[in-house]
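> Questions regarding the structure given below will be posed in turn.
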Amino acid sequence: MQLNVLKMRSDKLKQFEKKGITSIEDLINYLPRKYWDFRKTVTVPELRDGETSAIIGTVSELKVENHIVKLILLDENDQKFYVQFFHQEYMEKRIHCGDIYFVAGKCKVFYRAKIIANPIVFTKDVDHARKIYPVYSSIQGMSEEFLLKQIQSALVLNEKFDYLETDLIKKYDLMLRPMAYQQVHHPTSMEELERAKKRLIFDRLFLFHYKLKEQEDPSDLSSHIQIEHVDMTLNILKKLPFTLTDGQRKVLNHLYAHMKERRKVNTVVQADTGAGKTVVGFLLASIVIENGYLAVMAAPTVLLANQHYEEAKQLLEPFGIRVCLMTSELSKKEVGILKKELEDGNIDLLIGTHSVLNADLPMDSLGLILCDEEHKFGVERRNALDRKGVHKVSFSATPIPRSIFYAMNAPSIELNEIKTMPSGRKEMILKVEENDYDVYPELLKELKDGHQGYIVCPFVNPSEAELFQGVDNVESEFKKAKKYFKGYTVGCVHGKMKDQEIHDTLQKFRDNKIQLLVASQVIEVGLSVPNANFVAVKSANRFGFSSLLQILGRAKRSSLQPMGWLLSDDQEKMLEFSKCKNGFEVAKCDLKMRGCGHYLGTDQSGNNPILMFVLDNEKLNEEITEEINAIFADEKRRKRYFIVDEMEL
């Protein structure tokens, strides 16, 4: 059901669309990232510095100073606490002395005074305020009040039918699906919320494996692609400026053997950041190209697509391979020219974002699809990558055990691992610190040694929200770094910049015209600058563990000693992360620190949610797989699940 049935303005529809929300189903699946339990209130002595609590008080004094509305309230024992509203002068007219308010927010103790600034809840409706509050990731330009109203409207329109058989609901003691959505958005108790999360996790795994089973096609195990020549590829191999690792050679030879025998290659190549997955992909592309076929490479971001394009040109164009880039930045005219070039056979390797998956592109000679970080594509886009008889190789920087891999994938998908790193690569020296004073001198030392590096922040601009006060941001860090690292060129890059600006800045960094790059998470995936051997991550606790692993990987692109610093006031969390040696350990650690239920309410930046659900529910995952095999073996049962075809993960 399309989102426009809610009859909202077009600008609001666009705001939702930017978050990937285009239907009623998308909206009800926009789940809270956390919850505040304000069912119980405290008194003034129970307010603790840094803790978020709820308290009831009577307004005794009110004044406005320097655009701050300042209130003194008395609790039930006539003890004082303070509430402040910054840049909300209009609140003065709404509040009167003697009024009783329910106040909830983070307390700060300043010279024994207990202050709640910009409270999360401030209302006279005390009875209604005692509840569990869902907290959603913000949507730019949209108020929380508007978002909550639209979610409530979507819940009213949501399908009341439960797709699961009654026997399965009873067998696994599951809450009904419509009720689970009600509870996850409007929980009546923490116990019911946990039951709702359990149902939604069951649904994620059930739908994942159901769609996986649907995609099974026993007839799609062979390939029409004929591989007879490898002379050009062998020539490329001889002239590489480095020697392939044993792991790279093993995977390349194995997949080449499959191609030569006309067995369809459908594989995931796993390796840690910097192990050389992309080079293997380019060499496989060279094999199909010299045999007269087209190769396509899809990346999740424009930045990564651009980097692959530059690397492919440098490696392959000297051998006559014609490489072309296609992203959403192309004009209609440019897309038309590209289509004509494809039709005329003038493109050998097409690299781009999801736009390369467009069915309108003429790809009759398609022989190989390469997909980088496939889990970052939506389900529909991942499905578009599969073509009958066409070889497909996906790459992942999150190594996981084979047992888990095969629990998550169809039997026809093979796992290949590159376990060796390029010769000379060193283990990163990773330090956990609390402030700049200990880190900046070490960054300066690296710069003096002629190296380059990154300072990465979670936010682009300073946040006015009280909750995010003190969280590091690119804008402020850029100003500070320019003052401290005098004599060196400091650059700045973040997701709010235009794609061309990002491209130009990164090119200057690659050319060493910029020595220190202050960046947001935009540099997380794929950026490769061999001379950049250090990275400092500010407010590191604000990043997911998988994202941290990827960010630190930017400093592991050469034989230089990689250095990393995690700056955070959450020392315990960062020390736990620093013990992890690879992507799988990171996933397990992330799960241990946050719990699987957390992944229901995040956008999964840098994470594979299905992996987290499988890791935390291995037995349930096996049972669901068996249930689905039984459903597909029984035509009568299978018919009941027709609606699953229209449901999205």
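The values are calculated or read from the model by the stated rules, or taken from the named source; none is laboratory data. Since this is a predicted model, take the numbers as computed values, not measurements. A quick note on method: Cβ atoms are made from the backbone with ideal geometry, for glycine too, and the neighbour counts reach across all protein chains shown. For accessibility, only protein heavy atoms count, side chains too; no ligands or nucleic acids. Shrake-Rupley method; radii C 1.70, N 1.55, O 1.52, S 1.80 Å.
> Treating only the Cβ of Lys, Arg, Asp and Glu as charged (+1, +1, -1, -1), what charge dipole size does the chain show about its Cα centre? Round to the nearest 20 debye. Don't skip to the answer; put the middle values down first.
Numbers: 90 positive and 93 negative charges, 146 e Å.
The dipole magnitude comes to about 700 debye.
> Next question. Would you please report the Å³ per residue occupied by the convex hull of the alpha carbon atoms in the chain?
With only Cα atoms used, the chain gives 178 Å³ per residue.
> Given a 1.4 angstrom probe, I'd like the percentage of the accessible area of the stretch 11-155 that is carbon and sulfur, rounded to a whole number.
Numbers: 3830 of 8100 Å².
C and S atoms contribute 47 percent here.
> Among the listed pairs 108/579; 211/392; 333/498; 313/508; 14/131, give every one whose C-alpha distance is greater than 23 Å. Could you put the intermediate results ahead of the total?
Values: 108/579 33 Å; 211/392 19 Å; 333/498 21 Å; 313/508 18 Å; 14/131 32 Å.
As for pairs spanning more than 23 Å Cα to Cα, those are 108/579; 14/131.
> Just the projected area, averaged over all directions, of the convex hull on the alpha carbon atoms of the stretch 194-347: how many nm²?
On the way: hull surface 52.3 nm².
If you wrap the Cα atoms of the stretch 194-347 in a convex hull and average its projections, you get 13.1 nm².
> Tally the DSSP beta bridges in the chain and give the antiparallel ones as a percent, rounded to 5. Don't jump to the answer; show the numbers that get you there.
Details: 34 of 88 bridges.
Given both bridge residues lie in the chain, the antiparallel proportion sits at roughly 40 percent.
> Would you calculate, for the chain, the mean residue ellipticity at 222 nm contributed by helices, counting each DSSP H stretch of 4 or more residues as -39,500 (n - 2.57) and dividing by all residues, to the nearest 500?
-11500 deg cm²/dmol
> Using all C-alpha to C-alpha distances in the stretch 261-328, build P(r) with 5 Å bins and read off the rounded percent in each one.
Distribution as computed: 3, 13, 25, 26, 19, 11, 2, 0 percent.
> Which log10 I(q)/I(0) values, to two decimals, does the stretch 1-88 give at q = 0.13, 0.17, 0.26 Å⁻¹ under the Debye formula with one point per Cα?
Cα-only, vacuum Debye calculation for the stretch 1-88: -0.72, -0.80, -1.28.
> Where Rh denotes the Kirkwood radius from the mean inverse Cα pair distance, what is Rg over Rh for the stretch 231-275?
A ratio of 1.00.
> Which semi-axis lengths, in whole Å and largest first, follow from the square roots of five times the eigenvalues of the Cα gyration tensor of the stretch 413-536? Don't jump to the answer; show the numbers that get you there.
Working: eigenvalues 125, 75, 60 Å².
That gives 25, 19, 17 Å for the three semi-axes.
> What's the magnitude of the charge dipole for the stretch 529-582 around its Cα centre, counting Lys and Arg as +1 and Asp and Glu as -1 at the beta-carbon? Answer in Debye, nearest 20. Write out the running numbers ahead of the final one.
Details: 8 positive and 4 negative charges, 56 e Å.
Magnitude of the dipole: close to 260 debye.
> I need the per residue convex hull volume for the stretch 95-160, using only the alpha carbons, in cubic angstrom as a whole number. Intermediate results must be reported in sequence, preceding the final value.
Working: hull volume 10.4 nm³, N = 66.
Hull volume normalised by residue count: 157 Å³.
> Can I ask one more? From the gyration tensor of the Cα coordinates in the stretch 101-236, what semi-axes in whole Å does the equivalent ellipsoid have, largest first, with each one equal to sqrt(5λ)? Intermediate values should be presented prior to the final figure.
Numbers: eigenvalues 459, 145, 43 Å².
Value: 48, 27, 15 Å, ordered largest first.
> Right, another one. Protein chains only, probe 1.4 Å: how do 5, 296 rank by accessible area, largest first?
Details: 5 65, 296 5 Å².
Final ranking, largest accessible area leading: 5, 296.
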